Amino acid sequence: MFCHQIRRLSCFSRLLQHAESHTTLSGLPQLHPLLVRRAHLLQEEQAQLSSKLDTYDPELQITYDRNSHVLKTYDEFSRILLEIRELSTIRDPDLISEAQEELQELVPKYTSIIEELNNKLLPPVKYAECGCMIELRPGVGGNEASLFTDDLMQMYLNFASIQSWPALVISRSTNSSGFVNEIILSINQPGAYDVLRHESGVHRVQRIPETENKGRVHTSTSAVIILPKMSDGNENSLRADEMQFKPGEVRIDTMRAGGKGGQHVNTTDSAVRLVHIPTGIMVMQQDERSQPQNKAKAFAILRARLAEKERVEELNRQRQMRTSQVSSTDRSDKIRTYNYPQNRVTDHRCGFSLHDIAGCMGGNKLNEIIDKVREVEYKERLQEMLENSGAN
């Protein structure tokens, strides 16, 4: 039945052209046929899950609750659409005026709920419901790259504050000159990973450094990595984190902390280094005074890095099966330029430019860029659905 629906549509290019909203004679946007079909499949899946929940199963319950949330929105969409259709058929002169008033109230609700369903009905992104960890490291540009990395850290902290998300710096290491080497932030807000995952990549800044006395514009970079938060990263979660690994899978080294940190930090074996033997991933933590606290943070970071590695590898396997090559919002090359002389922030994945650097770095305008990138990703993911269904 699904394949039959696809064949009735003229071609993939036409489908993509109307991916965001088909237009009827009345000018109202409508859900893409593929998304309508997915809603029907979710309804069938939900009926099957209901019969299996006689005994409590945590994983099935999570799936059931997630589907319920999506289907509740879809039911509201269907109800509003039916009302609009009924009101549009009214021709009685005594009722037309009242019907038009109701339509003026319903159409904005309908448009809003269409936009919501466009994202909800796509297959869920792995770890979308998780909080996130943000790793920031200076790239090319020397000390100016380190200063820019600090600026990006503050941008994400500002953004989290505006969203009322709990966020903190769990690790910040510096070199002998006091310039930052690495920063790790933790945002303990469900869904934060889904919002911020597009921030992964190389961020480039073009500006005149404070130490530049000839007025020349310098270019520097900073690497940002967004990881799904898999653990609380404290002593209470440490045992559960350790149990995620087989015996001998992780090598644990302890040592004295280096750099600044006070007498207690530098005279005890409080620093912890973890090495994941199968992948070679290494995590070093020395910010806390106690070894268990550093160990807990290190295991949380290791789990997050491994989860993201697994997600990216799975995504790459899926894309290798596609016959066409498309640009991806997940690519790790230069994704954004912050041009201070021009007061411009340009995201190279979607071509959108925001002429308000202060607003972006202050966190209150970052969401405008994120939304534009999500629009591009929506088209890419719909393209994947089209090609996958066409291959079936």
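So which lysines pass the test for residue 379, namely a Cα distance under 22 Å, with those fewer than 8 places away in the same chain ruled out? Within the straight-line limit of under 22 Å, residue 379 reaches these lysines: 120, 126, 334.
The H on the amide N of residue 208, modeled in the peptide plane, is under 5 Å from the matching H of 218, each at least 5 residues off or on a different chain. Relative to the compact-globule estimate of 2.2 N^0.38 Å, the Cα radius of gyration of the stretch 36-143 comes out at 1.64.
Write out the trypsin sites (Lys or Arg not before Pro) in the stretch 134-220 meeting two conditions: DSSP loop, and at most 14 other Cβ atoms within 10 Å of their Cβ.
Details: sites: 172, 197, 204, 207, 214, 216; in loops: 214, 216.
Within the stretch 134-220, the qualifying trypsin sites (Lys or Arg not before Pro) (loop, at most 14 other Cβ atoms within 10 Å) are 214, 216.
Ignoring lysines fewer than eight residues from residue 297 along the same chain, the ones with Cα atoms less than 16 angstrom from its Cα are 229. Bridging of residue 295 to aspartates and glutamates at a Cα separation below 15 Å is possible for 232, 235, 241, 242, 253, 269, 287, once same-chain residues fewer than 8 apart are set aside.
A simple spin-label model places the labels of residue 99 and residue 69 3.8 nm from each other, with each point 7 Å out along Cα-to-Cβ.
Throughout, read-outs are computed from the coordinates displayed, never taken from laboratory work. Remember, it's a predicted structure, so these values are computed and weren't measured experimentally. Neighbour counts are summed over all protein chains in view; Cβ atoms, including those assigned to glycine, are modelled from backbone coordinates with ideal geometry.
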